[in-house]
Amino acid sequence: MSDSYDVIVIGGGPAGYPAAVRAGQNGLKVACIDDWKNFDGTHAFGGTCLNAGCIPSKALLESSELVHRAHEEFATHGINVGKITVDLAQMQKRKAGIVKASTQGILALFKSAKVTPLAGHGRLLPGRKVEYTSFDGAVHLLEARHIVLASGSTPMALRSVPFDGKQVLDSWGALEMTAVPKRLGVIGAGVIGLELGSVWRRLGAEVVVLEALETFLPMVDQQVAKEAIKHYRKLGLDIRLGAKVAGASSAADGVTLAYVDAAGDHTVVVDRVVVAVGRRPHTVNLLGDGTGVTLDERGFIVVDEQCWTGVDGIHAVGDCVRGPMLAHKGKEEGVMVADLIAGRYGEVNYRTVPSVIYTAPEIAWVGQTEEQVKASGRAYKVGVFPFMASGRARAMEAPAGFAKLIAATDDDEVLGVHVIGPMAGELIGEAVLAMEYSASAEDLQRTIHAHPTLSEALHEAALAADKRAIDFPNR
Ligand code: FAD
Ligand code: NAD
């Protein structure tokens, strides 16, 4: 093995592997070190996202949504399928196949960009050196002109409800269950709690979600959050807000969760618990003494707008640095850094990072919420278009939700777009592009949208902001 590189990337998740691929495309000599281990002890590139996050969760969300639709909608379509049964083993097998194809694909990408994959642990040492310990225990000293730290994040634990890998699970464990629990407790009504709670509810579990905050989805536009909680509750998610979990006691026949809310002390007994109270940056054994790289008070690697740590040649990207913990945010940071290293232009526009919650209805947004715009003091106008007025949504039997556009009153700039409804995560791409190009509401109004498509909802929301919607009465 060569021990000298132009670029060494530590971490092969969705922030690290794109950094390595782009650096390779830029003609640099690159290695990517990654120490992910699956439950069966095998290594795979792809980090949390491909192995235990985005991809497996979306596979199960898709399967379970089909089950739900088969129960709830097929008869309306005039499709009679008899008794619907779930083969969870097959569902999990399908998911595992998708994960495997995705993670193995990274090796093909590395090959094409001439990146050296190194399975094992990397530790940054002073003087742009990296100690690489392969899984067989051999230690190698590597050096590089540039080092990119992309060590990711891990689930936060609750001291009062410690993980045991059997009854009390983290999000990864929740994706690997081999039987549908009769009663599932979810702690945290954030993105993971709602997505994985939806999966197991659709597959038949009774799901109670305990959320410490009184406000549901505080980071989401509250008009959207209010719509969302109605649908989640209709699905059967028993969401209890303002519920502070005090402790848990496990027994053979279940876990008793104790929590406190405004009404007093309560207990709820469940078969499995998923703790989904956020993630923390992962930097365990990443930084040797004297590297000069610093962590903030929450454990994130300190970087500037260009993901530079302040130490010559050392950048950090993805979940281990500030900003939303999202795969696409990490990817853009990785690509930016690899381009900057090669002397090319690189930038991440943090104001246009989209967010998606892959529930049904799906939620997606970009830019500011109405609450944030109001707090900024800027005068604004709002256009809302409900999917029940969309021919395509009705044809899809998916009329729930709406598209909402917020624009500045003075110069018509689009400040935020929020969608709750079918394919919201796909629809938001148009809004991201619009905001990337500093579009006005009028620009969207004058853009032709095919009929009948869901994207017409964005068009109509833009028109509604000026009380010029065609397909819904203006208010
Ligand atoms: P990670 O994906 O955590 O990868 C870091 C990699 O570095 C790991 O392989 C780790 O083993 C390795 N590593 C760490 N330290 C070292 C070291 N010292 N030496 C060698 N290797 C090291 N985001 C979305 O945008 N969309 C979604 O739909 C979505 N769904 C999610 C669902 C779930 C259940 C979870 C848990 C997360 C989800 N996320 C989603 C978040 C997303 O997974 C993360 O934002 C993303 O994985 C972060 O990428 P990363 O490369 O920074 O870190
Ligand atoms: P989160 O921050 O989205 O939600 C955690 C929730 O737990 C919050 O609502 C918080 O108030 C609540 N909470 C915290 N402590 C609690 C306690 N003691 N008792 C009850 N509730 C408590 O975190 P997450 O859902 O764990 O997700 C972690 C990260 O992964 C997020 O940053 C998210 O962006 C990312 N992720 C993204 C996607 C996606 O893009 N679709 C999917 C899954 C995860």
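For the range 377-475, the set of chymotrypsin sites (Phe, Trp or Tyr not before Pro) satisfying both a DSSP loop assignment and a count of at most 13 other C-beta atoms within 10 Å is given as Y437. Placing a pseudo-label 7 Å from each Cα along the Cα-to-Cβ vector at D3 and Q90 gives an inter-label distance of 5.4 nm. Dimensions of the chain from C-alpha coordinates, computed as largest minus smallest value along each principal axis and given longest first, are 66, 62, 46 Å.
Backbone phi angles across the range 333-339, fed through the Karplus curve with coefficients 6.51, -1.76 and 1.60 (θ = phi - 60°), yield HN-Hα couplings of 5, x, 5, 4, 4, 5, 6 Hz in residue order; Gly and Pro are listed as x. The slack in the chain from K111 to N80, taken as 0.36 nm per residue of separation less the alpha-carbon distance, amounts to 6.3 nm.
One decimal place: the segment E73-R145 gains 20.1 nm when fully extended, by the rule 0.36 nm per residue minus the C-alpha distance. Averaging Cα coordinates gives a centre for the range 415-475 and one for the range 1-45; these two points are 39 Å apart. The calculated FRET efficiency for the pair D164 and R322, based on their C-beta separation and a Förster distance of 25 Å, comes to about 0.20. Shape call for the range 168-277 from the C-alpha gyration tensor, a ≥ b ≥ c root eigenvalues: rounded (a/c under 1.5), prolate (a/b greater than b/c) or oblate? Because a/c hits 1.5 or more and a/b fails to exceed b/c, the range 168-277 counts as oblate. Close amide H partners of A469, meaning residues 5 or more places away or on another chain with modelled amide H under 5 Å apart, are A464.
With a cut-off of at most 14 other beta carbons within 10 Å, and DSSP calling the residue loop, which trypsin sites (Lys or Arg not before Pro) in the range 120-188 qualify? Please list them. Taking the range 120-188 and a limit of 14 other Cβ atoms within 10 Å, the loop trypsin sites (Lys or Arg not before Pro) found are R159, K166, K182.
Total lysine pairs in the range 181-257 at Cα distances under 22 Å, for residues eight or more apart or on different chains: 4. For the range 1-99, applying the loop criterion from DSSP together with a ceiling of 14 other beta carbons within 10 Å to the GluC sites (Glu not before Pro) yields E73. Each residue of the range 127-142 was assigned a 3J(HN,Hα) from its phi angle through the Karplus curve 6.51 cos²θ - 1.76 cosθ + 1.60 (θ = phi - 60°); the sequence is x, 6, 10, 10, 8, 10, 10, 6, 5, 7, x, 6, 10, 10, 9, 10 Hz, with glycine and proline shown as x.
Taking the charge dipole of the range 318-390 about its Cα centre, with +1 at Lys and Arg Cβ atoms and -1 at Asp and Glu Cβ atoms, the residue from P324, Y358, G334 reaching farthest to the positive side is P324. Each residue, E347 and V269, gets one label point 7 Å from its Cα in the Cβ direction; the gap between the two is 6.1 nm. Under 13 Å from a point placed 7 Å out from the Cα of Q372 along the Cα-to-Cβ direction: which residues of the range 309-327 have their backbone N that close? Flagged as within label range: 323-325. Set the Förster distance to 25 Å, then compute FRET efficiency between R468 and A379 from the Cβ-Cβ distance, nearest 0.05. Using R0 = 25 Å, I get an efficiency of 0.85. Here the range 227-288 was treated as a single set of alpha-carbon atoms; its pair distances binned every 10 Å from 0 give 17, 34, 31, 13, 6, 0 percent. With a Förster radius of 56 Å applied to the beta-carbon distance between M388 and F135, the computed FRET efficiency rounds to 0.55. What number, rounded to the nearest 500 deg cm²/dmol, is the helix-based mean residue ellipticity at 222 nm of the chain, given -39500 (n - 2.57) per DSSP H run of at least four residues and division by all its residues? Taken over the chain, the calculation gives -9500 deg cm²/dmol.
Every number in this text was worked out from the coordinates using simple rules, so none of it is lab data. Model, not experiment: these values are computed from the prediction. Reconstructed Cβ throughout: ideal geometry from the backbone, glycine too, with neighbour counts over all protein chains shown.
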